[in-house]
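The values are calculated or read from the model by the stated rules, or taken from the named source; none is laboratory data. Values in this document were obtained by computation on a predicted structure and should not be read as measured data. Cβ coordinates were reconstructed from backbone atoms using ideal geometry, including for glycine residues, and neighbour counts include every protein chain displayed.
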Amino acid sequence: MIDTNLLSVMYMELLLFLILFPLIPAIMLYYLWSENIRGIVVTIGAGLTALGSILLLAITTGQNQSFFTVPVSGIAILMLILEILIAGYLVIVSLKAKQYLVIGFVLLQLILIGAAEWTGLQGHAETPDLIIDQFSAIMAVIIGVIGGLICIYALGYMREYQKHHPDLFDQRPRFFAVLFLFLSAMFGLVFSNNLIWMYFFWEVTTLCSFLLIRYPETSEAISNAFRALLYNLIGGACFPLAILFIILTGGPENLGLGSLIAAGPAVALIPACLIAIAGCAKSAQLPFSSWLVGAMVAPTPVSALLHSSTMVKAGVYVIARFAPVFEGQILGMLIALIGGVTFLVASCIAVSQSNAKKVLAYSTIANLGLIVACAGVGTPEALWAAIFLIIFHAISKSLLFLSVGTVEHRIGSRDIEDMTGLAGPMPRVGLMMLIGIAGMFLAPFGMLISKWASIHAFSQAVPPFGMILIIILAYGSAVTVFFWAKWMGKLLEVRKWEESIEFAISKAEWVALIILTALTIIACFGIAPISTYLLEPLLVSMYGPISPLISQSNMMIMVLMLALIVVLPMMLMKIFVPKRNLKRYMGGVTVENGLMEGSLGMKREVSLGNLYFEDLFPEAGLSRYGSAFTIVLIAMVALVILVWGAI
Amino acid sequence: MAYLSKSPWILHYDASSCNGCDIEILACLTPRYDVERFGILNTGNPKHADILVITGGVNEQNRSVIKNLYDQMPNPKVVVGVGVCACTGGVFRECYNIAGGVGEVIPVDVWIPGCSVRPEQIIDGIVKAIGILEQKRTEMERAEAAA
Amino acid sequence: MNTILAAVAFLIVAPVIGGLISGVDRIITARMQGRVGPPVLQPFLDIAKLFEKEKVGVWQAPVVLIFLHLAFMVVTGLIFFGGGDLLLAIFALTLSEVFLILAAYSTRSPYAHVGAGRELIQLMAVEPVIIITAVGFYMVTGSFAASDIFSFAGLPILLLPGVFLSMVCILTFKLRKSPFDLSSSHHAHQELVKGVMTEFSGSTLGMVEIAHLYELVILLGLMYLFFAGNLLLGLVAVVIVYLLEILADNSTSRVRWLPALRAAWVITLVLGGGNIIILSML
């Protein structure tokens, strides 16, 4: 038996280690120009961070939710000073770029948070600063392991990137420094119990995102970076409002996440809704979603790390944290509807896109929408689904982004149409991409299990909202199947086994890709243990005794199906070898090596285009209607809050 | 077991027929003759077909087409030339663009001469073709067993 | 024990029943056209013949994917008739369909490519109503488990008339019957040759046909669930529904994909969606 006191000290030190340690490589990398040393620092830094997060998860298993107060005075003041510095930096940059709206929101937030800190400073110390439970630990592993892998991948990718963009000034030291700064901020965010702490880390992630989107320094990149900043600030302004509201009404003892949620909907609902709106902006829900699509101008590791698998998860993380508050509330259902509408609209738009990164971006927005919908419903089963969605989406999406990045450097295009038959010339990367896509929508893989649980959860939600969400989900997932399956089909349309073009992919890229592919499959096999040992204790601690979730026998069926999918193709590829390969049928026309004999003996390339339905699912129109609809929903939330606040 | 003779699927190709024979082939599918009684289907796809039915003489343009269609059919398979043009080129034989009968391009198993051929004759020819098909299947099986 | 027995029975009996149904289907279709039609056992003869043919292909992948299509169709049936979770069965069905589509894509044949695209449209058209059906059954019987719904005492159709009607319309897509036989048809009258099936021959096509027999039984089983409480009524209803499908097949011409998709989505939304929303409010 380890002394519990000692354990708790170790525990807190581990949390602080995870928050502070990434700052060391960040600072080192900022001053490092040598590529070899940078490689070592990034690898060691990412490795230690990942190990630390796994260790944390191992310790947390079987533990209850616990809170810690950092016994150092002056942290609050330090944070305020840093916030003022960040605000100052943003004001200067925006002044240069003549982005006055951004300045307005920066100052507004600064005033709000200043007011909150000033009024609430005395009670501040009573709130524990840090929280750790299974949810935080899972988030930490996602940040540590997936974030770490992406940082390692970025080593190889950015070298190629600079080669492809010779006119771009090499800012890689700053780039890697910001990546690690971001990891630190994310750890801080998921471990924060004190909302003022959380807000501080929240702002740091916004800053990192801004810096990384404008990395290419093109005018498009800069304007997109400012858009991202603006939208995040608009949403982010709700965060200090929530803090202010808590201090003014409930008293500062409710500033902690734990105590606020425990206080129940009567106290927590309004701040939870305000924070949820901030979360919607951060996780790119409609009407804020255009910033995330614009952010795709950044190098691929940035898209993977910030805008798909990790940072946007911060938004859904806080919303999911408040899930018990939203349970059975009309306000919760409104939040859920914002997510639901986003899911449907973004999925539809993804059909019309042929740019692979844009498809991934819209599918990210869609999946975040589904997570928000689950969190807004707020029942234990919905939260179960939401957390699994977070896990599986992080893994599959980062795998997809990284493989698209690698393919882009090999074939010089990120258009899906140019990936026709990619499984021929790039068999291994092609297979990884196929696994990643399958992970996003096919049955025995993780995302679908979450979808399954969310249908279960929605069917018990407040009528008629639950049914509306079900209908949204039914249509949205139909569309999802469409755009993923046509992409998979495109990859498989192999003309003939061509020479491999998989050379010149750096070791760093391979390592990240292979580990993520393995994780995609392993995580699916691990659903039952993850559910039993991590999520169920978590849900019990949040909700009390819970009714049984998806039964073990059904999960066993899933695992068997997965085993079939993994094993069968490998076996069958050897058994089912055709005796004779015939030419493809084209109405009797001769086809050879992808060339068909046209009239007058002319040779023409056979090109097969996919369906995109730009008329049926127009990007601009859909996002306009979607935004209008969600703005109405947000306005309704605001109205309810105002009316309730007045009463 | 001889399932092949119970479900022969045909592919009909019009090489350069005057359409007289084509109409008679389609007549076989109509209620009066209804060849589906014997499991015969018109597939329109060489990959699914067992019997290639060709009407009209071969012209220089579609030599390669006939060759391709024949090659794309999985074994065992038979070819039936329907109409005198398919057999020899018929009245078009001397035309500058006609290569002659189907036999010029691919091996033909059953000839059904006539201008135009009557549906009864076509059915009779197909039945003969089914016999040859069955024979080819046993040969194929024997060859596989030997190998 | 019972469920395992049911599953094994499904494995063997389903293709037999499916084959007989499609044999009868072909005779009735022929009679509607004034013909005699093939023997009842013709579907079995066709499949047996396909397995007698030479094993040819375009490359390995399509065969492998088709086998997975068949395997997961069987898995779907096992889950469904074994009394498993209805949603799980639906997801397995989708997985199986996706394998068929990927097989068609992987042949890289123009006809199969267009067919695969249309098959995907069909899948997109059908998916919502199937999920809504599952949720409808949950609302009536309080369980997603097929075994609970099979043994439900009342008649779910009384509460789910809209869902039932939309399911009847959508069934046409799944059975590849006119007017919604976009991707591939039983009749040789379309411009797509055989659509998704164009490049599959011999035993590969045989596997597709067997999978279709399983699918037929699963879908009719799903229709039967609407009348779960009464065996006789259920069987009569399933027969009537199937006859209606044959009638529609023989009396309509194929529509283009956009009207088909719109029709499916609107019917689903108005009848199916409306039904479950009203039901949840009651």
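Structure notes:
- Candidate set from the stretch C:79-130 (those that are among the aromatic types (Phe, Trp, Tyr) and over 30 Å from C:SER151 (Cβ atoms)); member that is farthest from the chain's Cα centre (by Cα): C:TYR111
- If the condition is being β-branched (Val, Ile, Thr) and more than 15 Å from A:LEU422 (Cα to Cα), then the stretch A:392-408 contributes only A:ILE395.
Conditions (1) within 28 Å of B:GLU141 (Cβ to Cβ); (2) more than 13 Å from chain B (Cβ to nearest Cβ); (3) touching a Ser or Thr at 6+ places or on another chain (Cβ under 8 Å); (4) part of a helix (DSSP H, G or I), marked per residue:
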| position | (1), (2), (3), (4) |
| --- | --- |
| C:ALA7 | no, yes, no, yes |
| C:VAL16 | yes, yes, no, yes |
| C:ASP25 | no, no, no, yes |
| C:ARG31 | no, no, no, yes |
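- Residue selected from the stretch C:36-61 under the condition more than 9 Å from chain A (Cβ to nearest Cβ) and touching a Phe, Trp or Tyr at 6+ places or on another chain (Cβ under 7 Å), by the criterion nearest to A:ILE550 (Cα to Cα): C:ALA48
- Residue in the stretch A:233-250 that is among the polar types (S, T, N, Q) and under 21 Å from A:GLU126 (Cα atoms) present: yes
- Qualifying residue in the stretch A:544-558 (condition: crowded, with 19+ Cβ neighbours inside 10 Å and closer than 30 Å to A:LEU595 by Cβ): no
- Selection from the stretch B:82-117 of residues that are of a type outside the set (A, V, I, L, M) and closer than 19 Å to B:ILE10 by Cα: B:GLY83, B:CYS87, B:GLY103, B:PRO107, B:ASP109, B:TRP111, B:PRO113
- Meeting the requirement of 3 or more residues that are of a type in the set (S, T, N, Q) and touching a residue at least 12 places away in the same chain (Cβ under 8 Å), the helices (runs of 4 or more DSSP H) wholly within the stretch C:41-123 are C:86-106.
- Residue under evaluation B:THR43, criteria (1) at pLDDT below 90; (2) β-branched (Val, Ile, Thr); (3) over 25 Å from B:ARG137 (Cα atoms), criterion not met: (3)
- The residues in the stretch A:601-644 that are on the phi < 0 side of the Ramachandran plot, within 14 Å of chain C (Cβ to nearest Cβ) and part of a loop (DSSP other than H, G, I, E, B) can be counted, and the count is 11.
- Conditions (1) facing chain C (nearest Cβ under 9 Å); (2) part of a loop (DSSP other than H, G, I, E, B); (3) within 23 Å of A:ALA356 (Cα to Cα); number of the one not met by A:PRO463: (3)
Okay, residues lined up against (1) under 21 Å from A:ALA485 (Cβ atoms); (2) at pLDDT below 90:
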| position | (1), (2) |
| --- | --- |
| A:TYR317 | no, no |
| A:GLY328 | no, yes |
| A:ASN367 | yes, no |
| A:CYS374 | no, no |
| A:LEU389 | yes, no |
| A:LEU399 | yes, no |
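- Candidate set from the stretch A:307-332 (those that are surrounded by fewer than 24 Cβ atoms within 10 Å (Cβ to Cβ) and closer than 18 Å to A:ALA638 by Cβ); member that is nearest to the chain's Cα centre (by Cα): A:LEU331
- Residue selected from the stretch C:250-265 under the condition within 12 Å of chain A (Cβ to nearest Cβ) and under 20 Å from the mean Cα position of the chain (by Cα), by the criterion nearest to A:TYR475 (Cα to Cα): C:TRP265
- Comparison of A:GLY294, A:GLY339 shows that the only residue that is surrounded by fewer than 23 Cβ atoms within 10 Å (Cβ to Cβ), outside any loop (DSSP other than H, G, I, E, B) and in contact (Cβ under 8 Å) with a residue 24 or more places away in the chain is A:GLY294.
- Only one of A:LEU7, A:LEU57, A:LEU108, A:LEU15 that is surrounded by fewer than 17 Cβ atoms within 10 Å (Cβ to Cβ), modelled with pLDDT of 85 or more and assigned to a helix (DSSP H, G or I): A:LEU108
- Restricting the search to helices (runs of 4 or more DSSP H) fully inside the stretch A:346-451 and requiring at least 1 residues that are more than 30 Å from C:PRO62 (Cβ to Cβ) gives A:356-377, A:380-411.
- Members of the stretch A:487-527 found to be part of a loop (DSSP other than H, G, I, E, B) and more than 14 Å from chain C (Cβ to nearest Cβ), listed by number: A:GLU499, A:SER500, A:ILE501, A:GLU502, A:PHE503, A:ALA504, A:ILE505, A:SER506, A:GLY526
- Taken over the stretch C:163-186, the criterion of being farther than 15 Å from C:MET223 by Cβ and not acidic (Asp, Glu) is satisfied by C:ARG176, C:SER178, C:PRO179, C:PHE180, C:LEU182, C:SER183, C:SER184, C:SER185, C:HIS186.
- Screening B:PRO31 against (1) under 13 Å from the mean Cα position of the chain (by Cα); (2) over 20 Å from B:GLY89 (Cα atoms); (3) free of Cβ contacts under 8 Å to residues at least 40 places away in the same chain leaves a single unmet condition, (1).
- Selection status of A:LEU534, more than 14 Å from chain C (Cβ to nearest Cβ), surrounded by 13 or more Cβ atoms within 10 Å (Cβ to Cβ) and aliphatic (A, V, I, L, M): yes
- Total residues in the stretch C:15-55, condition of a type in the set (Gly, Ala, Ser) and closer than 25 Å to C:THR204 by Cβ: 5
- Any chance B:ILE40 is facing another protein chain (nearest Cβ under 10 Å) and surrounded by 18 or more Cβ atoms within 10 Å (Cβ to Cβ): yes
- Any hit, the stretch B:51-61, residues being surrounded by fewer than 22 Cβ atoms within 10 Å (Cβ to Cβ) and out of contact with any strand residue (DSSP E or B) (no Cβ under 9 Å at 6 or more places or on another chain): no
- Residue count for the stretch A:343-375 under the criterion of being surrounded by 24 or more Cβ atoms within 10 Å (Cβ to Cβ), over 15 Å from the mean Cα position of the chain (by Cα) and among the hydroxyl-bearing types (Ser, Thr, Tyr): the result is 1.
- If you go through the stretch A:559-577 and keep only what is closer than 16 Å to A:TRP452 by Cα and either among the charged types (D, E, K, R) or exposed (fewer than 13 other Cβ atoms within 10 Å of the Cβ) (or both), you end up with nothing.
- Some residue of the stretch A:578-587 being under 32 Å from the mean Cα position of the chain (by Cα), surrounded by 12 or more Cβ atoms within 10 Å (Cβ to Cβ) and at the interface with chain C (Cβ under 8 Å from one of its Cβ atoms): no
- Looking at A:THR206, A:THR218, just one residue is out of contact with any Pro (no Cβ under 9 Å at 6 or more places or on another chain), touching a residue at least 40 places away in the same chain (Cβ under 8 Å), surrounded by 22 or more Cβ atoms within 10 Å (Cβ to Cβ) and not small (Gly, Ala, Ser), and that residue is A:THR206.
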